[in-house]
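Some notes on the structure that comes next.
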Amino acid sequence: MSRIDLFKHHLEEKRAVKVIAGIDNFDIENIKKVVSSAEKSGASAVDICAREDIIREVRSMTDMPIFVSSVVPSELARAVELGADGLEVGNFDTLYKEGRSFSAQEVLDIVKETKSLIGDSDIFFCVTVPGEISTAEQIELAHHLEEMGIDLIQTEGHYHANSEMTGARALMDRAELTISNTIELCRNVEIPVMTATGINPTTAPFAFAAGASAIGCGSCINKLSSELSMMATISALVEIAQRNAVKVPEMV
């Protein structure tokens, strides 16, 4: 049984929890806390940046499935060589802070180039569908990705530089678009969908209710200061996911 099989099994049961350290997070001590907390709390996988020394460090400390996120095909191809179990084209959300944007065609071009570089590798492949393109474009992109044999698509919402909302209203506002995108994509493609952006213990139940097979959770965990608080949050998310679980035959 390979490492990624744990994530695949949780995905099939519609209860996968991917803990995201951050595509722009290069703080190795923070990343190690996130990874350790994810492993101890029963998360399905972790998602880290594509820097080589960080991939090596995380690979050496855990046997849980590791996703590497980037928008640079050569970095993703190198991650396969370094022991990544899954690739993620995305998470774009943090890149929007730099003023970047991604069209459907740009995403397809990144995916095609990455697949060309990794050749016959059977690496698990996830692609983020940009939340800022139209619903019709998202659905069309998802269809193309499905035809290309992509294993999983990840939704996202919108980036707010500033928001005056607070409390539960702020949490729901941030997650509203990604949950809406989840509903639309689940209605239109067979490929599993993972919901990310603004997903935390308050909003996670809505993601699963929208049809998600997995949730991607980042800032509600990686911004915390202690491993104990990270573990408490991840444990809450895992419990929510388990309540959504659909029974499938056990792995052998």
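Coordinate-derived values only; no laboratory data. Keep in mind that this is a model prediction, so the values were computed, not measured. Positions of Cβ are generated from backbone atoms using ideal geometry, with glycine treated the same way; all protein chains shown enter the neighbour counts.
Some notes on this structure:
- Residue in the range 114-121 that is in a loop (DSSP other than H, G, I, E, B) and free of Cβ contacts under 8 Å to residues at least 12 places away in the same chain present: yes
- Residue among Lys14, Lys18, Lys8 that alone is assigned to a helix (DSSP H, G or I), under 18 Å from Thr195 (Cα atoms) and not aromatic (Phe, Trp, Tyr): Lys8
- Any hit, the range 60-78, residues being more than 24 Å from Ser213 (Cβ to Cβ) and not in a helix (DSSP H, G or I): yes
- Looking across the range 173-194, the residues that are crowded, with 23+ Cβ neighbours inside 10 Å and out of contact with any Phe, Trp or Tyr (no Cβ under 8 Å at 6 or more places or on another chain) come down to Thr178, Asn181, Thr182, Leu185, Val193, Met194.
- Some residue of the range 79-102 being in contact with a Leu (Cβ under 7 Å, 6 or more places away or on another chain) and more than 30 Å from Ser41 (Cβ to Cβ): no
- Which listed residue is closer than 16 Å to Val17 by Cβ and part of a loop (DSSP other than H, G, I, E, B), from Ala236, Ala212, Ala232, Ala241: Ala212
- Qualifying residue in the range 63-79 (condition: surrounded by 19 or more Cβ atoms within 10 Å (Cβ to Cβ), under 18 Å from Ile31 (Cα atoms) and acidic (Asp, Glu)): no
- When Gly22 is tested against (1) in contact (Cβ under 8 Å) with a residue 40 or more places away in the chain; (2) surrounded by fewer than 17 Cβ atoms within 10 Å (Cβ to Cβ), just one condition goes unmet, and that condition is (2).
- Residue under evaluation Ser37, criteria (1) touching a strand residue (DSSP E or B) at 6+ places or on another chain (Cβ under 7 Å); (2) touching a residue at least 40 places away in the same chain (Cβ under 8 Å), criterion not met: (1)
- When the residues of the range 34-53 are filtered to those that are under 18 Å from the mean Cα position of the chain (by Cα) and in a helix (DSSP H, G or I), the one that is nearest to Ser116 (Cα to Cα) is Val35.
- Extreme residue, nearest to Ala175 (Cα to Cα), among residues of the range 140-154 that are in a loop (DSSP other than H, G, I, E, B) and among the aliphatic types (A, V, I, L, M): Ile150
- Scanning the range 82-104 for residues that are surrounded by fewer than 16 Cβ atoms within 10 Å (Cβ to Cβ) and either touching a helix residue (DSSP H, G or I) at 6+ places or on another chain (Cβ under 9 Å) or among the hydroxyl-bearing types (Ser, Thr, Tyr) (or both) gives Gly83, Ser101, Ser103.
- If you go through the range 192-209 and keep only what is β-branched (Val, Ile, Thr) and touching a residue at least 60 places away in the same chain (Cβ under 8 Å), you end up with just Thr197.
- Against the numbered list (1) part of a strand (DSSP E or B); (2) surrounded by fewer than 22 Cβ atoms within 10 Å (Cβ to Cβ); (3) acidic (Asp, Glu), Glu137 comes up short only at (1).
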